[in-house]
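Asker: There's a structure below that I have some questions on.
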Amino acid sequence: MTNRPQHEENTFTPFSGWLMFPFTLAMIFGPLALIAATAKAQQHPLWYVGLAFLTVLGIVLIFGHFVVSPNQSRVLVLFGRYRGSVRTAGFWWTNPFTIKRMVSLRAHNLNGKALKVNDLLGNPIEIAAVVVWRVRNTAAAVFDVENFEEYVAVQSESAVRQLAQSHPYDTSHTELTTTSLRGSDEIAHELKTILQARLEQAGIEVIEGRLSHLAYAPEIAAAMLQRQQATAIIAARAMIVEGAVGMVELALQRLSEKRVVELDDERKATLVGNLLVVLCSHENPQPVLNTGSLYT
């Protein structure tokens, strides 16, 4: 993504509104008081025209006052020229013909909607992200993009799609890439990096970006659930067999050490088979009493 040269933010220091406010009030009500005091006197018409002009000028000057709240700023534009940004909270005054656009410097939360996209393997998944951002360069946010809040929303959606297409959903396919989408810390860091690169043009700082929703699409969710269940069953069976073999080995070793019974190879094989059936079975074994011999 090629970025154009970014507007640099300039700090502008306006006049104190508390000093200008009494002056503007005096310009409004002073001439009115003079007009009322000289109403019965024979004054030249230009006298009243001048006083009326001062009153109108005071009314115009009153529109130069503005307030900047904490964690907010005002971007000042006079006749199409950028004069600067006011970040200091307080009551201020500037040229009344100046356009004073308010830009919030507070942290914003963007709770993205769930997107349907294919992962690195082509599996359809649903993914969404939460992005915490704030304006760092007010001039770039106002002049370099049409609507910086909408710009953040669109670019965040594009970044989430790019992230999803670069990684597989599950950790069983990490041979294709270093991490899967379920690696929360690595994925969050990569998402923040992608977002910052895309939002730099608008003067936006990305504080944090994390996935808020990650799931297979409904059309393959059942099949993927069966695959996960099969993987879990195989892992559980392997653990059971490994434990059963260890218990059988221990049983034969203890029988040999204690000299409880002397077993030949055929009887050991029978004992091992019976123990494995008992230990690996999902159901309780049914005992069978054998009064004969293995050879009859």
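All of the numbers you see were taken from the coordinates with simple rules; none came from a lab. From a predicted model like this one, the values you see are computed outputs, not experimental measurements. For neighbour counting, all protein chains shown are included, and Cβ atoms are generated from backbone atoms with ideal geometry for every residue, glycine included.
Asker: What is the sum of charges around Phe12, taking Lys and Arg as +1, Asp and Glu as -1, for the other residues whose C-beta is under 15 Å from the C-beta of Phe12?
Answerer: +4
Asker: Right, something else. Going by average Cβ neighbours within 10 Å, how do the peptides 199-210, 97-108 rank, with the highest at the top?
Answerer: In descending order of packing, they fall as 199-210, 97-108.
Asker: Provide, for q = 0.10, 0.12, 0.16, 0.21 Å⁻¹, the log10 of I(q)/I(0) from a solvent-free Debye sum over equal Cα point scatterers in region 108-216.
Answerer: One equal scatterer on each Cα of region 108-216 leads to -0.28, -0.40, -0.66, -1.02.
Asker: Could you please report the charge total around Trp93, scoring K, R as +1 and D, E as -1 over all other residues with beta-carbon less than 13 angstrom from its beta-carbon?
Answerer: Every neighbour counted, the sum reads +2.
Asker: Specify which residue in the list Ala141, Ser104, Ile194 is farthest towards the positive end of the charge dipole of region 89-221, using unit charges on the beta carbon of Lys, Arg (+1) and Asp, Glu (-1), about the Cα centre.
Answerer: Comparing the listed Cα positions along the dipole, Ser104 ranks first.
Asker: Let me ask something else about it. Relative contact order for region 94-204: what is it in percent, counting Cα pairs under 8 Å that are at least 6 residues apart?
Answerer: 27 percent
Asker: With the dipole of region 108-216 worked out from charges on the C-beta (+1 for Lys and Arg, -1 for Asp and Glu) around the Cα centre, which of Val154, Pro168, Thr179 lies farthest toward the positive end?
Answerer: Going by the Cα projections, it comes out as Val154.
Asker: At Gln196 and Glu257, where each label point lies 7 Å from the Cα along Cα→Cβ, what is the point-to-point distance in nanometres?
Answerer: Taking the simple label geometry, Gln196 and Glu257 are separated by 6.0 nm.
Asker: Quote to one decimal, in nm, the extra length available between Phe63 and His189 on full extension: 0.36 nm per residue of separation minus the C-alpha distance between them.
Answerer: Length gained between Phe63 and His189: 40.7 nm.
Asker: Let me ask you something else. Would you please give the residues with an amide H less than 5 Å from that of Gln72, counting only those at least 5 places away or on a separate chain, with H modeled from the backbone geometry?
Answerer: Close amide H contacts, sequence-distant or interchain: Leu105.
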